[in-house]
1. Step by step: first the residues of the stretch 1-17, then only those that are over 17 Å from the mean Cα position of the chain (by Cα) and not polar (S, T, N, Q), then the one that is farthest from residue 127 (Cα to Cα). Which residue is that?
2. Residue 32 versus (1) hydroxyl-bearing (Ser, Thr, Tyr); (2) surrounded by 16 or more Cβ atoms within 10 Å (Cβ to Cβ); (3) assigned to a loop (DSSP other than H, G, I, E, B): which is the lone unmet condition?
3. Which ones in the stretch 36-56 are without any contact (Cβ under 8 Å) to a residue 40 or more places away in the chain and within 17 Å of the chain's Cα centre (by Cα)?
4. Which residues, taken from the stretch 87-101, are out of contact with any Leu (no Cβ under 7 Å at 6 or more places or on another chain) and open to solvent by 20 Å² or more (accessible area, probe 1.4 Å)?
5. What about residue 60, is it more than 25 Å from residue 115 (Cα to Cα) and either basic (Lys, Arg) or surrounded by 18 or more Cβ atoms within 10 Å (Cβ to Cβ) (or both)?
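The values are calculated or read from the model by the stated rules, or taken from the named source; none is laboratory data. All values derive from a computational prediction rather than experimental measurement. Ideal geometry is used to build each Cβ from the backbone, glycine not excepted, and the neighbour counts take in all protein chains shown. Each accessible area value is taken on the protein alone, full model and side chains, heavy atoms only, with ligands, DNA and RNA left out. Shrake-Rupley method; radii C 1.70, N 1.55, O 1.52, S 1.80 Å.
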Amino acid sequence: MELPSNLIEQGFSLNRVDPQDFPAYFTLKRESFTVYVNEHYGGWFDDDQEARNRATFEESLHLTCFNKVMLAGKIVGFFTYNVAPAEINSMLIMLLPAVQRQGIGAAYLQEVTAHANVLNLPAVLKVFRTNPAIRLYQRHGFIAYDKTPSHILMRYTPLIS
């Protein structure tokens with residue numbers, strides 16, 4: 001994945017995640033999702049969440065895309081997705097609030113939907129029901145297709161040319 005030139009000019013870059021990036025990943029996950037975990041699961045408990053997120057992090061090291069978003073030498077976000085035989089899945093956008101709404105998430109979604117179109121595969125994700133990022137996904141063509149008590153399941157259907 002490559003960032004658009006306007007984001008590079010602002011100092012953003014992408015690098016593949018390394019195993020030693022877990023502390024930054026977990027800190028960002030806590031900052032980004034505590035409100036939703038508290039709301040839907042009754043509370044963020046560091047020991048439990050660290051174990052769950054370490055397992056997810058280690059699995060993500062093998063995905064098609066697991067990048068860290070850098071700004072001025074600091075990690076400010078993470079992206080994941082995986083191209084599987086039937087769909088693009090394991091999607092995650094996680095950005096510090098200070099760098100949200102600058103086009104980074106849009107660039108990620110443009111990359112994923114472009115892959116979906118070229119490969120003629122749907123892209124699927126889940127998002128907490130109360131996460132305002134739902135609107136970002138909708139703007140990029142993702143449509144809700146199911147719900148769980150905590151999440152909305154969304155799908156992008158590739159454009160037929």
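1. Filtering the stretch 1-17 for residues that are over 17 Å from the mean Cα position of the chain (by Cα) and not polar (S, T, N, Q), the one farthest from residue 127 (Cα to Cα) comes out as 9.
2. Among (1) hydroxyl-bearing (Ser, Thr, Tyr); (2) surrounded by 16 or more Cβ atoms within 10 Å (Cβ to Cβ); (3) assigned to a loop (DSSP other than H, G, I, E, B), residue 32 violates only (3).
3. Residues of the stretch 36-56 that are without any contact (Cβ under 8 Å) to a residue 40 or more places away in the chain, as a first pass: 37-38, 42-56.
Across the stretch 36-56, the qualifying residues are 37, 52, 53, 54, 55, 56.
4. Selection gives 89, 92, 93, 97, 98, 100, 101.
5. Details: more than 25 Å from residue 115 (Cα to Cα): no; either basic (Lys, Arg) or surrounded by 18 or more Cβ atoms within 10 Å (Cβ to Cβ) (or both): yes.
No; evaluated as a whole, the condition is false for this residue.
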